[in-house]
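Novice: Below is one structure. I have some questions about it.
Please treat every number below as a calculation from the coordinates, not as lab data. Keep in mind that what you see is a predicted model, and the values were worked out from it rather than measured. When we count neighbours, we look across all protein chains shown, and the Cβ atoms used for this are built from the backbone with ideal geometry, even at glycine.
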Amino acid sequence: MELVEPQINQSMNTKPIPKGVPVEGDMTKALDARFLNSIVLQGALDKTGKDTLDVTIDRVEFHELLKYENGSKDANAYLLYFKGSDKPLKLAKANIKRLIAQHGTIGEGWHGKPVSLCLEQDRRPDLGGRLGPCVRVKYTPTQYKRA
């Protein structure tokens, strides 16, 4: 039996795709994310050549109902803002626990405190519970000092 390679029917392709411009450089600029996510952090880490990104906490905000651009919603969400960035990190329990271990239980006491952000593999709800890269506050086992 002879194998015949399927032919692509050119007549179905009435309007060819015009030639685009080759892209080089930072592809994270193409994202329209309002929040810090693993892809944006990966881009920042690639630029610095480091495994962590050192940032300073600007503020923590609580939202009873957080609405996303895709229509989904989160109840009782905490957003962590950093100095010099307009992209907050939505705090998962793992990051809240790490921040408490480093800077205490009072959120207002976190303002101006340094933290390091890194990527870790963990189960992600947006991936159906599969493992994927997550933005994490790097765990540093230090005892915080009360102000």
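Novice: Could you tell me which of rounded, prolate or oblate describes the range 32-137, using a ≥ b ≥ c as the square roots of the eigenvalues of the alpha-carbon gyration tensor, with rounded for a/c under 1.5 and, failing that, prolate when a/b is larger than b/c and oblate otherwise?
Specialist: rounded
Novice: Determine ³J(HN,Hα), in whole Hz, for all residues of the range 107-112 in sequence, where each value follows from phi through the Karplus function 6.51 cos²θ - 1.76 cosθ + 1.60 and θ = phi - 60°; x replaces Gly and Pro.
Specialist: For the range 107-112, the Karplus-derived couplings read x, 5, x, 7, 4, x Hz, x marking Gly and Pro.
Novice: Follow-up. Note down the relative contact order for the range 32-137 as a percent, whole number, built from C-alpha pairs under 8 angstrom at least six residues apart.
Specialist: Across the range 32-137, relative contact order equals 30 percent.
Novice: Among the lysines, which fall within straight-line cross-link reach of Lys83, defined as a Cα-Cα distance under 19 Å, with same-chain neighbours fewer than 8 residues apart omitted?
Specialist: Here the lysines satisfying the reach criterion relative to Lys83 are Lys47, Lys113, Lys138.
Novice: Treating only the Cβ atoms of Lys and Arg (+1) and Asp and Glu (-1) as charged, compute the dipole magnitude of the range 32-137 about its Cα centre; round to the nearest 20 debye.
Specialist: 220
Novice: Which of Ile96, Ile57 comes first, and how do the rest follow, when ranked by fewest Cβ neighbours within 10 Å?
Specialist: The fewest-first ordering by Cβ neighbours comes to Ile96, Ile57.
Novice: If we sort 100-110, 126-136 on the protection proxy, mean other Cβ atoms within 10 Å, highest first, what's the order?
Specialist: Top to bottom by mean Cβ count within 10 Å: 100-110, 126-136.
Novice: Also: Whole-Hz Karplus ³J(HN,Hα) for the range 86-98, in order, using 6.51 cos²θ - 1.76 cosθ + 1.60 and θ = phi - 60°, x for Gly and Pro?
Specialist: Result, ordered by residue: 9, 9, x, 9, 6, 7, 8, 4, 4, 6, 4, 4, 5 Hz.
Novice: Can you list residues whose amide H is under 5 Å from Leu117's amide H, if they're 5+ apart or on another chain and H is modeled 1.01 Å from N?
Specialist: Distant-sequence amide H within range of Leu117: Leu53, Asp54, Val55, Lys138.
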